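Below: the structure, in structure tokens.
The values are calculated or read from the model by the stated rules, or taken from the named source; none is laboratory data. From a predicted model like this one, the values you see are computed outputs, not experimental measurements. Here the Cβ positions follow ideal geometry from the backbone for every residue, glycine too, while neighbour counts run over all protein chains shown. Note: areas computed on protein heavy atoms with side chains; ligands, DNA, RNA excluded. Shrake-Rupley method; radii C 1.70, N 1.55, O 1.52, S 1.80 Å.
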Amino acid sequence: MLIQGFNSLLGLLQLAFTAFAAFAFIDALTRREDAYRAAGKQSKPFWLIVLGIALAVSLLFPIMSFLPIIGLIAVIVYTVDVRPAVREVSGGPRRGGPRGSSSDGPYGPYNGGR
């Protein structure tokens, strides 16, 4: 019974890692190429290859083997280092909604015809 619980826990970890790797790969896919260069990070194709391999490894190998752990490290590095830098350079959406006044129009603040 204890072994079944451990196996189900490992299955959940495998699923979580696969979802995390898929999220990072899709996020890297949607970012602009020039934002990576402007942020001083590796190129977009480099990160797509690394994250694509990490995603494939997470699907093909069990979580307790060596390759998925390396893939997890690559996904974590992208998520905590590269992604915020690229988002900052490209002006991605920020938490809290748009910055500005509620009276701002498409061409600047509305002053009521004054």
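Within the bounds of the stretch 64-78, is there any residue that is at pLDDT below 95, in contact with a helix residue (DSSP H, G or I) (Cβ under 8 Å, 6 or more places away or on another chain) and not in a helix (DSSP H, G or I)?
Yes - at least one qualifying residue is present in the stretch 64-78.
Residues of the stretch 26-46 being among the charged types (D, E, K, R) and within 17 Å of A74 (Cα to Cα), which ones?
Correct list: D27, K41, K44.
Quick check on this structure: which one of R94, R114 is open to solvent by 90 Å² or more (accessible area, probe 1.4 Å) and either at pLDDT 95 or above or under 28 Å from Y36 (Cβ atoms) (or both)?
Going through R94, R114 in turn, just one is open to solvent by 90 Å² or more (accessible area, probe 1.4 Å) and either at pLDDT 95 or above or under 28 Å from Y36 (Cβ atoms) (or both): R94.
Does the stretch 47-59 contain at least one residue that is in contact with a Leu (Cβ under 7 Å, 6 or more places away or on another chain), of a type in the set (V, I, T) and assigned to a helix (DSSP H, G or I)?
Yes, the conditions are met somewhere in the stretch 47-59.
Of everything in the stretch 1-57 that's among the basic types (K, R) and under 14 Å from the mean Cα position of the chain (by Cα), which residue is nearest to R83 (Cα to Cα)?
Of all residues in the stretch 1-57, those among the basic types (K, R) come to 31-32, 37, 41, 44.
Those left that are additionally under 14 Å from the mean Cα position of the chain (by Cα): 31-32, 44.
Details: R31: 9, R32: 12, K44: 11 Å.
That would be R31.
Can S8 be described as in contact with a Lys or Arg (Cβ under 9 Å, 6 or more places away or on another chain), of a type outside the set (K, R) and open to solvent by less than 70 Å² (accessible area, probe 1.4 Å)?
On the way: in contact with a Lys or Arg (Cβ under 9 Å, 6 or more places away or on another chain): no; of a type outside the set (K, R): yes; open to solvent by less than 70 Å² (accessible area, probe 1.4 Å): yes.
So S8 does not fit the description; no.
How about the stretch 73-91: which of its residues are more than 13 Å from A39 (Cα to Cα), of a type in the set (A, V, I, L, M) and open to solvent by less than 70 Å² (accessible area, probe 1.4 Å)?
A74, V75, V77
Limited to the stretch 42-69, what total is found for residues that are free of Cβ contacts under 8 Å to residues at least 12 places away in the same chain, within 10 Å of A21 (Cα to Cα) and open to solvent by 90 Å² or more (accessible area, probe 1.4 Å)?
Count: 0.
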